[in-house]
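Here the structure is laid out as structure tokens; the discussion comes afterwards.
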Amino acid sequence: MAHTAQLITQLSSLKLSGAADTLEHRIKEAEQNQLSYSELLTMLLTDELDTRRNRKLQRLILNANIQAQKTLESFDFTFNRSIHAAQIRELATCRFIEKAENIIFLGPTGTGKTHLAQALAHAACRKHFTVAFYSFGDFFRTIQTVDITNTFEKLMKKFNKTDLLIIDDFAFKKISQTHAEYFYAIVDARYNTKSFILTSNRALSDWTSVFPDPVIANAIMDRLAHNAHQIVIKGESYRKKFSPLTNRT
């Protein structure tokens, strides 16, 4: 037991907490199954690697600013038949990120667009891609803040390193000329190198109306839609399913 305690201390000092946490259990397992030293070491190193992967995943999810429960596993595909589960699961392989493609979810409020966007964000985090999720309002408030503090270049560096940038409720309201110019710079820098996911209640043809300058609007739209998977979701709000008014008899 003294040797085991010493080993745990040494492993912890070396920042191998995954192996330290399972050491006693693995020693017992090795003794019971008459495993070799190399087999014991392999199990401990596997435990350490699993711990590090899980920590990295949790860190990526936290930094992405997504809800823990909004995963593909928790999405109800049976509610809305206009959503093709096979297509969404194919996108969840994240090959679209490897190809620097975009995804645009279009449809009425409550049809699952935000959940699907966050579910794909979870899938990306599991594959160790970096993700940043914003609502439309939060995204442009962030741009306004960096404009005031003159730190836009720092934000650009962050976005250029982010594999998947998600903006929820896109084209919710009109934006200023300054914000449009900043947004164009972000879109242009990420074009053909990084991916976007955008969700919106408005048709794609209506998006240009939120920009004050039609030239910038067309340039932005051209880059966003060029290589995008456009997914149109129809039907009523999922929330109505649980509405007391809906369920009255």
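Every number here is computed from the coordinates shown, using simple stated rules; none is lab data. Nothing here was measured: the structure is a model prediction, and the numbers come from that model. With ideal geometry, Cβ positions are generated from the backbone for all residues, glycine too; neighbour counts draw on all protein chains shown.
Tabulated values for the structure
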read-out: Size of electric dipole in segment 95-249: Cβ of Lys, Arg +1 and of Asp, Glu -1, about Cα centre, debye, nearest 20; value: 660
read-out: Lysines whose Cα lies under 22 Å from that of residue 70, excluding same-chain neighbours fewer than 8 positions away; value: 56, 113, 127, 234, 240, 241
read-out: Residue 24 versus residue 99: modelled label distance in nm, points set 7 Å from Cα along the beta carbon direction; value: 5.2
read-out: Percent of Cα pairs exceeding the 20 Å cut-off, where the set is segment 1-83; value: 53
read-out: Förster radius 30 Å - calculated FRET efficiency between residue 74 and residue 156, Cβ distance, rounded to 0.05; value: 0.30
read-out: Packing-based ranking, highest mean first, of 89-96, 166-173 given that Cβ atoms within 10 Å are counted; value: 166-173, 89-96
read-out: Nearest-ten-degree value, helix 214-225 long axis tilted from longest Cα axis of the chain; value: 40
read-out: Peptides ranked, highest mean first, by Cβ atoms within 10 Å: ranges 58-64, 78-84; value: 58-64, 78-84
read-out: Equivalent-ellipsoid semi-axes of the chain, from the Cα gyration tensor, Å, largest first; value: 43, 25, 16
read-out: Residue of 191, 37, 134 that the Gaussian network model of the chain assigns the largest fluctuation, springs spanning Cα pairs under 10 Å; value: 37
read-out: Using alpha-carbon coordinates, inclination of helix 136-149 to the longest axis of the chain, degrees; value: 90
read-out: Stretch gain in nm, segment residue 193-residue 176, where the contour uses 0.36 nm per residue and the Cα spacing is subtracted; value: 3.5 nm
